[in-house]
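Notes for the one structure printed next.
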Amino acid sequence: MKKYISFFVFFAVLGVMLSLQPPAAVGKEVVVYSTNLQKVNEMVAEDFEKETGIKVHMYRAGSGITIKKIKAEKDRPLGDVGWGLSKIICENNIDLWQPYKSVNFDATPAAYRDPQYRWLGQMLHVMVLMYHRDLVKDAEAPRTWADLIKPKWKDKVAYCNPNNSGSAYTQLSIMLALWGDDKAGWKKVETLLTNAKITQQSSLVPKGVNEGEFPIGITMEYAAHRFKAGGANVGVVYPEDGTVAYTEAGTIIKGCKNPEAAKKFIDFSTSKEERMKIVKNFLRRPARSDIDFGGLVKGMPALSQITLVKDYDRPYWSKRRPEVLKQVKDILLRVK
Amino acid sequence: MQGVSYLLHSFSEVSGHTMSLKIVGVTKRFGDLVAVNRVSLEIETGEFFTLLGPSGCGKTTLLRSIAGFNRPEEGEIYFDEKKMKNIPPHKRDVGMVFQNYAVFPHLAVYNNVIYGLKAKKTPSQEIEPRALKAIEMVRLKGLEKRLPSQLSGGQLQRVAIARALVVEPEVLLMDEPLSNLDAKLRIETRSEIRALQQKLKTTTIYVTHDQEEALAISDRIAVMDFGKIQQVGRPWEIYTNPANRFVAEFIGTTNFLEGEVVSENEDSTLVSVKGVELAIPKLEKSKGSRISFAIRPEAFRVLEDTKPSLTKGLFSLKGRISSVEYLGTLTKYEIELAEGVILKVNSYDIEPDRIKQRGETVEFGYDPKRVLIYED
Amino acid sequence: MQSPFWRLTALLIIIVFVFFLIIPIVRIMKGSFQTEEAGPFTLKNYKDFASYRSYWRSFFNSVFIGLASAITTILVGVPLAFIVSRWNVAGKALIITLSTLPLMLPSFISAFVWVILLGRQGMITHFLRSIGIPFESIYGYFGLIFVFTCQLYPYVFLMSLSAFSTIDESIEEAAKVLGSSPLRTFITVSFPLITPSILSGAMLVFMTSVENFGVPMIIGEQMPILAVQAYVQFTSEIGTHPGMAHTMGIILILITMTSLVVQRHYLAKRNFIQSARGRPLVKGLPPLKKLAASSYCYLIVFFALIPFFVAMVISFMEMRGPVIHAKFSLESYIYAFTRSARPIFNSYFLATVATLVSVLIGVPAGYILTRHQKTAYSGALDIVIMLPFVVAGTVLGIALTIAFNKGILILTGTWMILALSYTIRKMPFVARSSSSILYQLDPELEEASISLGVSPMKTFFKVTVRLMFGGILAGAILTWVTIISELSSTIVLYPPGWSTMIIEMFQGVISDDMGTASAFASILILSTIIPLLFITRYLRGEKTSIL
């Protein structure tokens, strides 16, 4: 019996020790809920600690789980910063955020910031097409969104279910903006959804193209370029009929424990130096107007050289989202 | 036998407190099944009392009620005058020996034996001498450090007995303790148990389905069937005078017969069993009334082998031997008197040349007074 | 035995489960009866589910794949168990240990690896095509069943292994004496005798494969699968139909519940209590046959471990961003140890704590289930501990987060909430495995102790627990292993600083960083083999039934 008792005492003591981690002085730590790649998280956390002496705790999950977690903890927030949440998520949960005017607010183009300071654009994801060069010759690769619904690409295009991914929804909204949010436009969308290989996770698209599982994929710029830069035999196309840059934002969670540290983190993560570092290492396009992106990374054009969809009405597509997704779901339930 | 005297010797000083038991109207149900049905018994201090019956008769259930492992719905059990209803099993001062020995496989012999002593907070200086004495008593000296997996069935049984007795329980309960031993060991061990009990005078309740074992070992026996007590008595009472057909059939073998009254003699009644006339003790029964009766095989004598002085007063019969079973100390015959009337007859004549052959016709007889009558 | 101790214990366990599982789950599950438009209660979600063909197909696909996997795992696992238990194949402990490993490798990793090998452009696919075999790819029904079989056969194998080794030899001999050939004896006697165990194993396979979303998400491609749809609905950024996630969750629960009830019903009629007196002898084989039998065993065991070996190879390759290059490199390990050493500690610590607590609660619970059958509290306990089997981890995670973020007991944001969720999810395994061990333990031993004056509670610790030790240990190890690879609730619950190896693996895979993921997978498995091997050896000879 003695043995058992000492055994339990040992674990009880261990448990107490672990739960009583030294209460870091307020302002000496910050908890960041991030949807970014773990290696991005780690680099920024390290740099931030070096710069400010504030310890960063990173929690990484997909954006769906992250926002659910922030909501679940609403009454007693455990996180300080939401990092890498899409602009649409930020806006749809606008009550969860605490306004803060960052020192980098003015350096961020108006399209990528909230005038009431509740969120601030961090990175931009330009929607692109990606193809595997063994399976699709450069000359034959689709150049436009419209090319994707050509019969010859039936079962060749990978596309993530827009119900599962903010970026996939943005891609869909681009096509609807180009083709018209009407019967004719939806007919084309239906053709795309019928012909495409629908994945349930956006990351599976570039990965599958890299492995040759899919000849073509609809994805985000950084995801495609990461593979290209890593030496994969893939090509990247910026659709000639126009694309959109999807905004990933940073926010401070309302009622958080370390608001001062959170503010510093927002400032630091949007600073020019850190942004340039992220661009160089992880090919993520910054939401700042004062960085010459094209010069930094080979093969990635500056934002000004990319054809953007004219009159892309962000508020409209944000509002229209539930109905569009329901329609997509109905189509998918019908055709798959 | 040397073992027994040795046992008696070694335990001569031990004398624990022991007590009488009273069971009043105990009923135990399992769902719809009434396992024990309004059983009342009184067991005297120091008595060796056996519950005997076929499997499923409720004897083990009753024993477990006494131990406290189940709680009867009705009735009361008294140890001396003390009601046991609300006393949990570990607070009842009983020793129990189980059918499958239940020797703790993770403990050595010595540790098995001291298990109860430690639980009962025996002063530490007493533990070792008492344990060693108990181990010696059951002839396991030298095996104290052995693990149960290294012992034979008989040895395990001794460990179980030593473990139960070493705590000097007020009542010793034994649940078919010999059923897993081979025939020879069973007979040997049962006489050891009996001798031990005689010496210690611990009130003992013993459960068995083996009637021979019960007869050999008990002061008194309760025969049970369908949860009810059929008969309580000393071994010879139960054997010679079974209270009903069940007891008669369960204890020993018997010829069970049924017939019609044909006529009355001075000291007997004649009954016709399928045309064969047999004599039974005199009954005041009208002609034609149906009678059930039993005759033990050992009540018969084969007449030609019996001294004339002993054949006096026997009712004689004639029949053809249909089977012979030679058992050494006796020979079992089946004798056909008529179509469908076959009697089991034991002969204790061991002269080889007087053993009858199958097909021979023999004359044999019995004393009508030894016939048991059951009125249905 | 009418000991208040056990009634109290049962009550306590039930209260713990009501408080930590049922109340949080009910709160969140209310959603399945709500929609945004309709009032507080509606069955609209269920009507929707019934009216869409795709939902129906997802339902049938899930059940079909679950059943098919159950059957294939039986075909693989039972003969293997027979060989290992009855013939003197070489290195039994090793076979048993290796066979438990697939349970440990997270299913999303094995799915990724199988795609590398058997995808449309997979290495093996190319090879097969080059030698003229028209192999298409792993995607679809075949691939799903294949991957589940490789990953889940250990459940059937381990359970039938313990059953085979407790069959009374004389029963099989009786059949042979009656003129039955060995094969006939196996089919007509041994197999039916161990069907309850096979069924329990197949049941676990069915439930696990029906609930798994990692594998179908990758290998099912567009095939509608219930678990994938539920997961996606639940974790999508903006649910278009929040109630539907819970509806699908509940339908999943109903499927698994139904299978449990069917299994119970079957077992109730077939309770083959066996005396383990005559344990089967291990038959010595002539050298050639022994070689063949051993090779067969190792072939199966190693085949199922291919994902692990490939992951190990990848972990030593150079990664440039997400792209794997065929050059040797220790980068992934250096990264794993220097930047993320904490998750290694976290995994072991959390799994150990949760396993201990699970054992502490689960063993008494198993005792009550076995020794107090037919009592009201045992029945209640039986139902209560069935629930964690069927609640998806993500759902439980969110439910716990909400329930313990305020009020008297604040656990959200501490490591304890992880330990809590692990305990709730895995304790039933410990309870079931303890219960099956207890079936083989003669109750007379406990009664002997009680009749010697030791109270039922003390008897439990001094006799019962001691005699169950081997089995408890085996159950605990398996629990420990499955906790370490628990992803779905961890991803929701882990507080800052408490990331685990499995989280790092998942992040790696999600971020296309197979290097880190593989490195962690290798560390995880290698560090677990040694204790497993040790314990399997230690337990050999002791009568145990794992699970």
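The values are calculated or read from the model by the stated rules, or taken from the named source; none is laboratory data. Remember, predicted model here, so these are calculated numbers, not experimental data. Neighbour counts are summed over all protein chains in view; Cβ atoms, including those assigned to glycine, are modelled from backbone coordinates with ideal geometry.
Before moving on, here are some points about what is shown:
- Wholly within segment C:393-460, helices (runs of 4 or more DSSP H) carrying at least 3 residues that are farther than 24 Å from A:R76 by Cβ: C:415-439, C:443-451, C:456-459
- Some residue of segment A:219-239 being closer than 28 Å to C:V323 by Cβ, within 14 Å of chain C (Cβ to nearest Cβ), touching a Lys or Arg at 6+ places or on another chain (Cβ under 7 Å) and modelled with pLDDT of 95 or more: no
Residue by residue, here is whether (1) of a type in the set (S, T, Y); (2) more than 14 Å from every other protein chain (Cβ to nearest Cβ) holds:
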| site | (1), (2) |
| --- | --- |
| C:F59 | no, no |
| C:V63 | no, yes |
| C:L103 | no, yes |
| C:W114 | no, no |
| C:M123 | no, no |
| C:Y139 | yes, no |
| C:C150 | no, yes |
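- Within segment A:193-203, considering residues that are of a type outside the set (S, T, N, Q) and more than 7 Å from every other protein chain (Cβ to nearest Cβ), the one farthest from A:G217 (Cα to Cα): A:L193
- Subset of segment C:371-411 [under 15 Å from C:S435 (Cα atoms) and within 17 Å of the chain's Cα centre (by Cα)]: C:I385, C:M386
- For A:D155: the one exception among (1) on the phi > 0 side of the Ramachandran plot; (2) assigned to a helix (DSSP H, G or I): (2)
- Checking A:Q38 against (1) at the interface with another protein chain (Cβ under 9 Å from one of its Cβ atoms); (2) at pLDDT 85 or above; (3) within 25 Å of C:S511 (Cα to Cα), the condition it does not meet: (2)
- Residues in segment B:76-100 that are surrounded by fewer than 14 Cβ atoms within 10 Å (Cβ to Cβ) and either part of a loop (DSSP other than H, G, I, E, B) or facing another protein chain (nearest Cβ under 8 Å) (or both): B:D80, B:E81, B:K85, B:N86, B:K91.
- Matching residues, segment C:513-526, being surrounded by fewer than 24 Cβ atoms within 10 Å (Cβ to Cβ) and in contact (Cβ under 8 Å) with a residue 12 or more places away in the chain: C:D513, C:S522, C:I523, C:I525
- Residue match in segment B:137-148 (condition: part of a helix (DSSP H, G or I) and within 11 Å of another protein chain (Cβ to nearest Cβ)): yes
- Scanning segment C:370-409 for residues that are touching a residue at least 60 places away in the same chain (Cβ under 8 Å), within 14 Å of chain A (Cβ to nearest Cβ) and not hydrophobic (A, V, I, L, M, F, W, C) yields C:G393, C:T394, C:G397, C:T401.
- Selection within segment C:371-389 - assigned to a helix (DSSP H, G or I) and surrounded by 22 or more Cβ atoms within 10 Å (Cβ to Cβ): C:L381
- Hey, A:A107 in a helix (DSSP H, G or I) and away from every other protein chain (no Cβ under 13 Å) or not: no
- Any hit, segment C:482-501, residues being out of contact with any Ser or Thr (no Cβ under 9 Å at 6 or more places or on another chain), under 30 Å from B:L165 (Cα atoms) and not β-branched (V, I, T): no
- Of all positions in segment C:504-513, at least one carries a residue that is touching a strand residue (DSSP E or B) at 6+ places or on another chain (Cβ under 8 Å) and in a helix (DSSP H, G or I).
- For segment A:110-134, a tally of residues being in a loop (DSSP other than H, G, I, E, B), closer than 23 Å to A:K68 by Cβ and either out of contact with any Cys (no Cβ under 6 Å at 6 or more places or on another chain) or in the same structural domain as A:I174 (by TED's automatic domain parsing) (or both) returns 2.
- Of the residues examined, A:S102 is one that is in contact with a helix residue (DSSP H, G or I) (Cβ under 8 Å, 6 or more places away or on another chain), at pLDDT 90 or above, farther than 20 Å from C:S489 by Cβ and crowded, with 18+ Cβ neighbours inside 10 Å.
- For segment C:311-324, the candidate set comprises residues that are surrounded by fewer than 21 Cβ atoms within 10 Å (Cβ to Cβ) and in a helix (DSSP H, G or I); within that set, the residue that is nearest to the other protein chains (Cβ to nearest Cβ) is C:V313.
- When C:L128, C:L105 are checked against the criterion of being surrounded by 15 or more Cβ atoms within 10 Å (Cβ to Cβ), part of a helix (DSSP H, G or I) and not assigned by TED's automatic domain parsing to the domain that holds C:I472, C:L128 stands alone in meeting it.
- Strands (runs of 3 or more DSSP E) contained in segment A:182-268 and holding at least 2 residues on the phi > 0 side of the Ramachandran plot and surrounded by 24 or more Cβ atoms within 10 Å (Cβ to Cβ): none
- Pick from segment A:37-64, criterion hydrophobic (A, V, I, L, M, F, W, C) and within 14 Å of the chain's Cα centre (by Cα), ranking: nearest to A:S203 (Cα to Cα): A:L37
- Taken over segment A:131-154, the residue count meeting the criterion of being over 18 Å from A:A223 (Cβ atoms), more than 10 Å from chain C (Cβ to nearest Cβ) and either under 25 Å from the mean Cα position of the chain (by Cα) or not basic (K, R) (or both) is 10.
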